[in-house]
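To start, the structure itself, in structure tokens.
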Amino acid sequence: MGNISNDSLPEDCASRQWLSSGESPAISSVMFSAGVLGNLIALALLARSWRGDAGRSAGRGNSVSLFHVLVTELVFTDLLGTCLISPVVLASYARNQTLVALAPESRVCTYFAFAMTFFGLATMLMLFAMALERYLSIGHPYFYQRRVTHWSGLAVLPTVYVVSLLVCSLPLLNYGQYVQYCPGTWCFIKHGQTTYLQLYATLLLLLIIAVLACNFSVILNLIRMHRRSRRSRCGPSLGSSPDAPGTRRRGERVSMAEETDHLILLAIMTITFAVCSLPFTKK
């Protein structure tokens, strides 16, 4: 079990047993409900998209896009994290007890801190996988078509979970410390100059930088695609032949529009999760 420490914490937050008067579960309840409902709606929309992709590709022998597989895995991961973490906070409010008081030997606090670190890291790894997929799809299409399949996306989720489990299990082996923070409804890695906190924070920061670098590369490639499309409009048209420039231009415009939609979705997810993760990168 991870060590629970109360060093250098104001108001004895690490050892507090009862919640302060006036603490309300309203915000936590709203966030939990919104998280579950939003993820369920996202999964329903993705299921429709999967069926649409399967129907459109039935005659072409293509499979569901890898990007949709990765998005589905990210939404599933976020939903799982919400369902495993938020009820602990609500239970703390319901019993008016802090996490260290809910179970002997601070087991609930250890569980909460482990879940927070695990799903925080897993989410950023999933975002990196999505950004890398877009980077390869746009920047290296030949390699992408030859080497990357939707089966690769199915392997991403267990790989991300194994890596996150290995990294986040270190405090359970006494390499790092968990601690309770005010108002007593959440626990995380102990702040200070600890090696494990530096490792975790650095890993998150590197993942955020890598995701931003991949997205920036995709933007540059989309700009190049747009410029090529504009230049090709001035070329001669050869009618409606399948190999005609006009047909290729239409296909390129459709592809660029689809890639832009993917990039916008990825950018929104990246900004959202990066804003939530950046405070944890402070060592």
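The values are calculated or read from the model by the stated rules, or taken from the named source; none is laboratory data. Bear in mind the structure is a predicted one, so any value in this text is a computation, not a measurement. Note that we place each Cβ from the backbone using ideal geometry, even for glycine, and neighbour counts take in every protein chain shown.
Numbers at a glance
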{"read-out": "Residue within segment 153-160 that is closer than 30 Å to V108 by Cβ and surrounded by fewer than 18 Cβ atoms within 10 Å (Cβ to Cβ) present", "value": "yes"}
{"read-out": "Failed criterion for I189 (all others in (1) at pLDDT 85 or above; (2) more than 29 Å from Y93 (Cβ to Cβ) hold)", "value": "(2)"}
{"read-out": "Residue that is modelled with the highest pLDDT [pool: residues in segment 18-34 that are exposed (fewer than 12 other Cβ atoms within 10 Å of the Cβ) and outside any helix (DSSP H, G or I)]", "value": "S24"}
{"read-out": "Sole residue being surrounded by 15 or more Cβ atoms within 10 Å (Cβ to Cβ), in a helix (DSSP H, G or I) and of a type in the set (A, V, I, L, M, F, W, C), chosen from V167, V179, V163", "value": "V167"}
{"read-out": "Meets criteria (of a type in the set (A, V, I, L, M), farther than 20 Å from I209 by Cβ and at pLDDT below 85) for V148", "value": "yes"}
{"read-out": "Some residue of segment 214-223 being within 17 Å of the chain's Cα centre (by Cα) and in a helix (DSSP H, G or I)", "value": "yes"}
